[in-house]
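Visitor: My questions all concern the structure below.
The values are calculated or read from the model by the stated rules, or taken from the named source; none is laboratory data. Remember, it's a predicted structure, so these values are computed and weren't measured experimentally. Because the Cβ atoms are built from the backbone with ideal geometry, glycine has one as well, and the counts that use them run over all protein chains shown. Side chains included, ligands, DNA and RNA excluded: accessible areas come from the protein's heavy atoms. Shrake-Rupley method; radii C 1.70, N 1.55, O 1.52, S 1.80 Å.
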Amino acid sequence: MDTPSSTCDEGSEELDARSQSDYADFDDLGGRHRHRREPSSDVSSECSGEPGSPYASSSPYPRWPVHALPARVPPPLLKRLSTTRRAGGAVREGKAGGDGELQLIKERFSKLLLGEDMSGSGKGVSTSVAISNAITNLYATVFGSCHRLEPLPAEKKSMWRREMDCLLSVCDYIVEFFPSKEMLRDGTTREVMATRPRPDIYVNLPALEKLDDMLLEILDSFQKTEFWYVNDKGHKDADAAATPCRPASQRGDDKWWLPVPCVTKPGLTETARRDLQQKRDCASQIHKAAMAINNSVLAEIRIPDPYKQALPKCGRASVGDLIYRHMSFPGKFSPEYVLDCLEISSEHEALEAADRVEAAMHVWRRKASQSHSRSPWSAVKDLMESDKNVMLASRAEDVLLCLKQRFPGLSQTTLDASKIQYNKDVGQAILESYSRVLESLAYNIVTCIDDVLFADEAARKIA
């Protein structure tokens, strides 16, 4: 006769065996999904309904198969770090070649996860704002002191490539599902859900990376030049004989710290002048492309509620009587003439005018939408061109666009800053901040080339 303890032991052994079997099935399921992440010829056999296949079991909870597309190749930095970790064994000794980079990645992503709140109390900013600030701060660190046409130092260039590669790697995992079909071994097809990059990231991110490479190539091309800057090392004696061909008022007294380009009295050669003009045109096109991407991304970000609540009730009160009088005139409208009447003389005044016009534009858009069954602005604009609020909103948009073209280095408007602050979409935050810093870099290159061309023109006049 079995004792109670022996009976319990047998029951426990049977339960343990059953549990181990269940865990074995669970491990096999997890291993199968891990295997499905890589392209393989065995995928169709594993996912088919043949006997012995996990999908052939009669489960009361049928699974919808998810077919993943081949993953993107990991960035070179991450591949190198993973190899170093496996080859070096313990990484906490701090002596391996990639440990410094690995610790840097840990620090960056820890700050992103904490939302820049080092106390860990959950009072930090959102992930989208944290990664946007990280890209902006990295740009300021690498390019903040670059006010000359010269190659970027090797350490800064490596830092830019390395850290941007890490920050942009987040986009590899921002995907969307779409229905697809899979061919089985027996010739039949079945519907599966496949993944692909999100359309905005798929289109804009490669374009931004290409613009990034082109800007760095432009800077690298200034190896041997026929111009230099005041107080450059190696040109101390030449400064007296050369012509510092840019008056102090060219940049303005508020930017006195910027270096002054110098050329010899005969000026640049025709080849150097033509080469500079070509690089300026290229940088200008890059600036326009980055600005177009940035504007499109900002347009997709919804307007925050705090900004809507702070809008004035009347658009006329926002723009003032002078602008409103020109915008409400029923005849032909010219945004350039409106800006000429304002006599804007500084970027500060331009930014203030942009904020007022943009606020009035959204006030008129809101009134037009409310007066037509609260339809979206796109539908109202197409169907109700005769509405006065629609006309005023369209003209305000033209004035705002003309103002940004006249002042290409204009800072963010209140609406743009508000969108960035309250945005929760990580993909949009990356695209917006990346395009914004490339736009700023391209504008700085164009401005520096203009300074050199201005100095060349002054030197030729003296000669």
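Visitor: Tell me which residues, restricted to the range 336-370, are among the hydroxyl-bearing types (S, T, Y) and either closer than 20 Å to D305 by Cβ or open to solvent by less than 50 Å² (accessible area, probe 1.4 Å) (or both).
Guide: Within the range 336-370, S346, S369 meet the criteria.
Visitor: Tell me which residues, restricted to the range 261-295, are more than 30 Å from T414 (Cβ to Cβ) and free of Cβ contacts under 8 Å to residues at least 40 places away in the same chain.
Guide: Across the range 261-295, the qualifying residues are E270, T271, R274, D275, Q278, D281.
Visitor: So, one more: Yes or no: the range 167-174 includes at least one residue that is assigned to a helix (DSSP H, G or I), within 19 Å of I135 (Cα to Cα), open to solvent by 30 Å² or more (accessible area, probe 1.4 Å) and touching a helix residue (DSSP H, G or I) at 6+ places or on another chain (Cβ under 7 Å).
Guide: So the first thing to find is which residues in the range 167-174 are assigned to a helix (DSSP H, G or I), and the list is 167-173.
Okay, now just the ones that are also within 19 Å of I135 (Cα to Cα), so 167-173.
Then drop every residue that is not open to solvent by 30 Å² or more (accessible area, probe 1.4 Å), which leaves 170, 172-173.
From what is left, the residues that are touching a helix residue (DSSP H, G or I) at 6+ places or on another chain (Cβ under 7 Å) are 170.
Taking every residue of the range 167-174 in turn, at least one turns out to be assigned to a helix (DSSP H, G or I), within 19 Å of I135 (Cα to Cα), open to solvent by 30 Å² or more (accessible area, probe 1.4 Å) and touching a helix residue (DSSP H, G or I) at 6+ places or on another chain (Cβ under 7 Å).
Visitor: Same structure, new question: Of K279, K288, which residue is out of contact with any strand residue (DSSP E or B) (no Cβ under 9 Å at 6 or more places or on another chain), open to solvent by 70 Å² or more (accessible area, probe 1.4 Å) and at pLDDT 90 or above?
Guide: Matching residue, one of K279, K288: K288.
Visitor: Here's another thing I want to ask about it. Scan the range 133-159 for residues that are part of a helix (DSSP H, G or I) and within 19 Å of F222 (Cα to Cα) and report the count.
Guide: Looking only at the range 133-159, we keep the residues that are part of a helix (DSSP H, G or I), and these are 133-143, 154-159.
The next check asks that each one be within 19 Å of F222 (Cα to Cα); those that pass are 142-143, 154-158.
The number of residues fulfilling the criteria is 7.
Visitor: If you scan the range 211-225, which residues turn out to be surrounded by fewer than 12 Cβ atoms within 10 Å (Cβ to Cβ) and of a type in the set (S, T, N, Q)?
Guide: Passing the criteria: only Q223.
Visitor: Now a separate question. Please enumerate the residues belonging to the range 175-203 that are open to solvent by 30 Å² or more (accessible area, probe 1.4 Å), in a helix (DSSP H, G or I) and among the β-branched types (V, I, T).
Guide: Passing the criteria: only V203.
Visitor: Spot the failing condition for T269; the list is (1) modelled with pLDDT under 70; (2) surrounded by 10 or more Cβ atoms within 10 Å (Cβ to Cβ); (3) not acidic (D, E), and only one is missed.
Guide: The number of the failed condition is (1).
Visitor: Wholly within the range 356-463, which helices (runs of 4 or more DSSP H) include no fewer than the required count, namely at least 1 residues that are aliphatic (A, V, I, L, M) and at pLDDT 85 or above?
Guide: Helices (runs of 4 or more DSSP H) meeting the threshold: 388-406, 414-422, 426-462.
Visitor: If E347 passes every condition in (1) touching a Ser or Thr at 6+ places or on another chain (Cβ under 9 Å); (2) modelled with pLDDT of 95 or more but one, which one does it miss?
Guide: (2)
Visitor: Tell me yes or no: at least one residue of the range 323-335 is in a helix (DSSP H, G or I), small (G, A, S) and either at pLDDT below 90 or surrounded by 14 or more Cβ atoms within 10 Å (Cβ to Cβ) (or both).
Guide: no
Visitor: Separate question: Where the second residue is assigned to a loop (DSSP other than H, G, I, E, B) and the first is surrounded by 17 or more Cβ atoms within 10 Å (Cβ to Cβ) and lies in the range 296-322, which pairs have Cβ atoms under 6 Å and are six or more apart or on separate chains?
Guide: These pairs meet every condition: I301/N423; S318/P312.
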